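Okay, structure first, notes after.
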Amino acid sequence: MFLRQAAANLIKRRFRLPSQTVSSTSGATTIPLSSRTKFSYQYHGPKDFSWRMNYSHRDPRVWLFLSGNAAIILAIHSNTVLAKDASIESSPENDMEGAEAMGLSKIEDGSVISNIHTSKWRVFTDKGRDLFLQGKLEEAEKLFLLALQEAKEGFGERDPHVASACNNLAELYRVNKAYNKAEPLYLDAISILEESFGPEDIRVGSAFHNLGQFYIVQRKLEEARICYERALKIKARVLSLNHTDYADTMYHLGTVLHLQGKGKDSEALIQDSIRILEDGGQGESIMCVKRMRNLAQIYMKSNRLEEAEKVQRKILHIMELTKGWNSLDTVITAEGLALILQSSGSLKEAEELLERCLDARKTLLPEDHIQIGANMLHIARVAMLNSNQLKKVDTSKAICELEKARDMLNESIRIAWSSLDKSMRQNRKIHSYGASGDNGKNFRVALVILLQALDALGLLAINKQELQESKQDECLPNSEAENALLRCISTYKEFVTEMSIAEFPEVKAEYLKCLKHLLSLNGNSTTQTSQQSTRVNLQDLRDEIKRLELQLSPSRNRKI
């Protein structure tokens with residue numbers, strides 16, 4: 001209850017926006033005009049919401065239009081993606097699949113066909129929608145342009161049908177990332193809605209909600225915040241503070257505030273949006289689970305491991321009840337909990353969960369699937385941590401843990417190489433070496449795992465030598481560790497050349513770790529023998545490290 005009041009107070013404090021807030025510099029808005037509206041949010045898939053309400057006016061023309069307009073609005077679904085690092089992407093494929101999954105049907109709004117223009121508007125809109133769903137965006141654009149023209153001539157320049165046509169065309173441009181073309185269309189649509197139904201109408205609130213999504217895709221967080229706050233203000237008046245649509249916008253606003261670094265306000269909104277779903281009997285829904293996952297990630301990023309663990313356990317409990325361990329969703333959730341436990345030092349439970357995940361994956365996936373290699377890498381890391389805890393108590397057991405880790409790492413490396421080889425052969429068949437599409441994504445994942453496993457193997461060799469030679473006066477050259485780290489570096493350089501993956505920061509970050517560990521390994525060697533044995537130039541290493549650190553620095557990324 002406290003959090004809900006806090007959210008309501010936040011709304012009162014922050015809402016100072018008249019309807020004129022969105023100007024020509026604003027972005028787009030999707031415009032659900034029916035009394036049943038669907039929303040979605042980045043990387044979370046389609047979400048279906050509905051509301052019942054009484055309108056103060058009963059214009060027959062408007063009601064006939066509203067009854068079928070959900071079929072017209074393609075922009076209802078905005079299936080964008082938030083990376084773990086808060087980067088956001090949108091692809092035509094995701095939008096097409098999302099719109100199709102929502103079951104958009106052909107226009108059946110019962111409108112009276114008053115002239116040839118309104119008839120053409122219906123035909124162009126239906127055909128454009130079908131082409132949009134098929135991914136034929138160029139052909140769909142032509143039909144949406146014609147539909148907009150016919151809507152203006154048949155219904156009038158400021159009719160809601162024109163808003164719908166503007167919105168459809170704007171969504172197509174958004175999918176194509178032609179944001180400069182989409183923006184004025186979105187603005188026209190929202191302006192028409194405000195004129196037609198008033199600035200506080202629920203349809204205007206829905207338009208502002210989706211306008212926020214348009215801004216998020218472009219990383220315009222402050223503009224997105226303003227739009228979500230406006231939408232939340234309208235929904236708070238028209239709906240109720242316990243309504244799922246209100247909770248949806250609350251969650252979106254909370255996510256934006258998190259990306260802006262406003263942690264307390266963000267968490268209060270996200271927590272309350274989850275609570276509303278739970279109170280409404282939707283606590284086990286996909287939507288609620290995804291919100292909880294986001295909340296757990298927020299806790300992890302702020303190193304609040306205990307809170308993250310509680311949320312993740314709750315999610316795992318839901319997964320076990322609803323899907324069981326024959327589902328990869330359950331396995332991935334359990335693995336997430338294991339990694340939290342590993343970070344908090346609960347190594348025994350983390351290891352047990354990871355081993356159970358590995359057994360499940362071996363049943364559900366091909367034997368050389370990259371997820372199995374990643375799972376083995378996680379187990380190896382836990383074993384290395386176990387060894388570190390045992391080294392002062394029982395050296396032999398500590399070495400046994402390292403041997404277990406070595407076996408897991410070698411198998412993880414083998415699987416990652418196999419996956420990379422498969423991706424390369426697929427690319428060669430189509431004479432393309434760009435790391436794009438699903439194959440490119442799989443390639444990057446496999447390469448990151450390979451670099452991590454090789455780096456871990458180098459650290460393992462260092463740890464093992466320390467255990468075996470702890471009584472010696474000086475450290476001897478560790479050729480095994482150096483070999484693993486040099487393999488890590490050579491692997492990166494090979495695939496940078498052949499697969500053009502150097503622009504991906506997650507790959508660069510792993511390469512940078514290898515360089516630093518190699519520099520530390522050789523930089524700590526003080527004897528003449530060790531200095532002569534190294535196969536790297538230490539100054540070159542330092543220069544390369546500085547170059548990568550500059551490329552990966554937050555200030556440089558913000559400028560880009």
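The values are calculated or read from the model by the stated rules, or taken from the named source; none is laboratory data. Because the structure is predicted, anything quoted here is derived from the model rather than measured. Cβ: placed from backbone, ideal geometry, glycine included. Neighbour counts: every protein chain shown. Just the protein is used for accessible areas: all its heavy atoms, side chains included, with ligands, DNA and RNA removed. Shrake-Rupley method; radii C 1.70, N 1.55, O 1.52, S 1.80 Å.
General observations
- Hits in the stretch 148-161 - residues which are assigned to a helix (DSSP H, G or I) and either at pLDDT below 90 or over 15 Å from residue 184 (Cβ atoms) (or both): 149, 150, 151, 153, 154, 155, 160, 161
- Some residue of the stretch 108-115 being open to solvent by less than 30 Å² (accessible area, probe 1.4 Å), modelled with pLDDT under 90 and touching a Gly at 6+ places or on another chain (Cβ under 8 Å): yes
Condition check ((1) free of Cβ contacts under 8 Å to residues at least 12 places away in the same chain; (2) aliphatic (A, V, I, L, M); (3) surrounded by fewer than 19 Cβ atoms within 10 Å (Cβ to Cβ)) across all residues:
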| site | (1), (2), (3) |
| --- | --- |
| 154 | no, no, no |
| 182 | no, yes, no |
| 215 | no, no, no |
| 236 | no, yes, no |
| 260 | no, no, yes |
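- From 340, 318, residue being closer than 25 Å to residue 383 by Cα, touching an Asp or Glu at 6+ places or on another chain (Cβ under 7 Å) and in contact (Cβ under 8 Å) with a residue 12 or more places away in the chain: 340
- Candidates 244, 255 - the one that is of a type outside the set (D, E, K, R), in contact (Cβ under 8 Å) with a residue 60 or more places away in the chain and open to solvent by 10 Å² or more (accessible area, probe 1.4 Å): 244
- Tally, over the stretch 344-359, of residues that are touching a residue at least 24 places away in the same chain (Cβ under 8 Å) and either crowded, with 20+ Cβ neighbours inside 10 Å or not aliphatic (A, V, I, L, M) (or both): 7
- Set 319, 250, 300: member being among the aliphatic types (A, V, I, L, M) and open to solvent by 40 Å² or more (accessible area, probe 1.4 Å): 300
- Hits in the stretch 320-345 (condition: more than 18 Å from residue 355 (Cβ to Cβ) and of a type in the set (A, V, I, L, M)): 321
- Selected residue [among the hydroxyl-bearing types (Ser, Thr, Tyr) and farther than 21 Å from residue 167 by Cα] from 206, 191, 240, 196: 240
- The condition of being open to solvent by 10 Å² or more (accessible area, probe 1.4 Å), assigned to a helix (DSSP H, G or I), touching a Leu at 6+ places or on another chain (Cβ under 8 Å) and at pLDDT 85 or above does not hold for residue 483.
- Those residues of the stretch 267-286 which are among the small types (Gly, Ala, Ser) and surrounded by fewer than 21 Cβ atoms within 10 Å (Cβ to Cβ), in sequence order: 280, 281, 283, 285
- For the stretch 136-147, a residue qualifies if it is of a type outside the set (Asp, Glu) and open to solvent by 40 Å² or more (accessible area, probe 1.4 Å), and the qualifying residues are 136, 142, 145, 146.
- Residues located in the stretch 269-284, provided they are acidic (Asp, Glu) and not in a helix (DSSP H, G or I): 284
- Some residue of the stretch 175-192 being modelled with pLDDT of 90 or more, polar (S, T, N, Q) and farther than 29 Å from residue 260 by Cα: no
- When residue 401 is tested against the conditions (1) surrounded by fewer than 17 Cβ atoms within 10 Å (Cβ to Cβ); (2) free of Cβ contacts under 8 Å to residues at least 60 places away in the same chain, the lone failure is (1).
- The listed residues are 150, 194, and the only one of them that is buried (at least 17 other Cβ atoms within 10 Å of the Cβ), of a type in the set (Asp, Glu), in contact with a Ser or Thr (Cβ under 9 Å, 6 or more places away or on another chain) and under 27 Å from residue 251 (Cβ atoms) turns out to be 194.
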